[in-house]
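**Q** Can you read through this structure? Questions will come right after.
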Amino acid sequence: MLDDRKTAILRAVVEEYIATAQPVGSAHIANNREMAVSSATVRNDMAALEREGYLMHPHTSAGRIPTDKGYRFFVDNLVPNGSLGSIEQAKVGSFFETAHFRLEETLQRTSMLLAQLTNYASVVIGPTAEVAVVRSVQLVRLSSHHVTVVVVLSNGAVENAQIEINSDVSDDEIQQANAKLQKMMTAKPLRDVAEHHEVNRQSSNDHSGAVGVEALCARVLLAFDRVRNDENFYVGGVAQMAQAFDAVEIVRNVLHTLEQQYVVVTLVRDMLNRGVSVAIGAEHGVEPLSACSVVLAPVRVDGETMGTVGVLGPTRMNYPQALATVELVSDRLGRRLTEN
């Protein structure tokens, strides 16, 4: 464990490097009024921090920069409770107060908001239809041979399907089927179609004369009986990432990786499964992003994790600001989805 003086020096180096992107020299740290030690003392302690793996000496520069280990110590022990300025807080509040859009557009605009607030690439993953519960079911006759079914889900998504029917199906049977489907499906996950099939068969056996209604319900359930593994996945602020690195090869690797949805989704899920909200450099295990850090926060709806928001930037990212921004946006997005 680092003593108080080395901890203060490491913090000063990290904060200065985050702000300037320039190697930090001992004289600069010694001139800090809060340090109250000589340049020689700072130089010796910085050399010790380098030996212990918290700092490194880039090229022939006289200054030092933090390593991933140094950033990790900073995040785990030194990051102050960051908070957004009043302007940024007002921007977030205004956005979600007026975010009355379909789910997909809300998530896409949220990714853009995160990128604007942090100047990093943003990642927003929303709930899938597979885990969402049914809010309502509506059957509407289109013609003598077709009925359309509209299912509204708790994640704000709407699914629909057209069902072909016999001409002898009456409006009354359609209404009965609609009521039956509402009772079976409302407040239950859409993925539980197999259970709905069984309930439909049992209720038909209990009520003679409902064969036509049972058949129509079965057709509706069959239309929605499919695996849904599509992710509501959005990345924003990719252009900012191109400006965050000096090396063209790093930029190329980062941009190429961000285009591969499955890689980013896997990274996010792995971090959440490990209970990690901040992954620095190689910690996240995605080699092309080894020069990047990721900050995440889960989106909770009615107490259940239904998505994720986060930012991806260089390892010298402003961690207090990133953490505060991601936390606020995830909270407001969760409240918006809950209201929906």
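The values are calculated or read from the model by the stated rules, or taken from the named source; none is laboratory data. Just so you know, these numbers come straight off a predicted model, no measurement behind them. Cβ sites come from the backbone with ideal geometry, for glycine too, and all protein chains shown count toward neighbours.
**Q** Please note which helices (runs of 4 or more DSSP H) are completely contained in segment 33-134 and include at least 2 residues that are surrounded by fewer than 17 Cβ atoms within 10 Å (Cβ to Cβ).
**A** 39-51, 86-97, 103-118
**Q** Any chance segment 268-276 includes a residue that's of a type outside the set (Asp, Glu) and touching a helix residue (DSSP H, G or I) at 6+ places or on another chain (Cβ under 6 Å)?
**A** Of segment 268-276, the ones of a type outside the set (Asp, Glu) are 268-269, 271-276.
With the extra rule that they be touching a helix residue (DSSP H, G or I) at 6+ places or on another chain (Cβ under 6 Å), the set shrinks to none.
No.
**Q** Something else about it: If Ala19 satisfies every condition in (1) part of a helix (DSSP H, G or I); (2) over 31 Å from the mean Cα position of the chain (by Cα) but one, which is the exception?
**A** Only one criterion in (1) part of a helix (DSSP H, G or I); (2) over 31 Å from the mean Cα position of the chain (by Cα) is unmet by Ala19, namely (2).
**Q** If the requirement is being more than 20 Å from Lys69 (Cα to Cα), surrounded by fewer than 17 Cβ atoms within 10 Å (Cβ to Cβ), of a type in the set (Val, Ile, Thr) and modelled with pLDDT of 85 or more, which of these qualifies: Val265, Val309, Val254, Val248?
**A** On the way: Val309 fails: surrounded by fewer than 17 Cβ atoms within 10 Å (Cβ to Cβ); Val254 fails: surrounded by fewer than 17 Cβ atoms within 10 Å (Cβ to Cβ); Val248 fails: modelled with pLDDT of 85 or more.
Just one listed residue meets the conditions, Val265.
**Q** Here's a follow-up. Pairs only if they're at least six apart or on different chains, beta carbon under 9 angstrom, first in segment 154-174 and assigned by TED's automatic domain parsing to the domain that holds Arg141, second of a type in the set (Ser, Thr, Tyr) and assigned to a strand (DSSP E or B); list them, first residue then second.
**A** What qualifies is Asn160/Thr148; Ala161/Thr148; Gln162/Thr148; Ile163/Thr148.
**Q** Mind checking which residues of segment 163-182 are β-branched (Val, Ile, Thr) and outside any loop (DSSP other than H, G, I, E, B)?
**A** Ile163, Ile174
**Q** When you go through (1) farther than 30 Å from Asn232 by Cβ; (2) in the same structural domain as Val278 (by TED's automatic domain parsing); (3) hydrophobic (A, V, I, L, M, F, W, C) one by one for Met35, which number turns out not to apply?
**A** (2)
**Q** Can I ask one more? Only one of (1) within 30 Å of Gln176 (Cβ to Cβ); (2) at pLDDT below 90 is not met by Glu105, so which one is it?
**A** Status for Glu105: all satisfied but (1).
**Q** Counting just the residues of segment 16-27 that are modelled with pLDDT of 90 or more and surrounded by fewer than 17 Cβ atoms within 10 Å (Cβ to Cβ), which one comes out farthest from Ala247 (Cα to Cα)?
**A** The extreme case among them is Ala19.
**Q** With Gly275, Gly237 as the choices, which residue is buried (at least 22 other Cβ atoms within 10 Å of the Cβ) and at pLDDT below 90?
**A** Gly237
**Q** Restricting attention to segment 70-117, which residues are closer than 17 Å to Asn232 by Cβ and polar (S, T, N, Q)?
**A** Thr106, Gln108, Thr110, Ser111
**Q** Can you pull out every residue in segment 157-180 that is of a type outside the set (Ser, Thr, Tyr) and over 37 Å from the mean Cα position of the chain (by Cα)?
**A** Correct list: Glu164, Ile165, Asn166, Asp168, Val169, Asp171, Asp172, Glu173, Ile174, Gln175, Gln176, Ala177.
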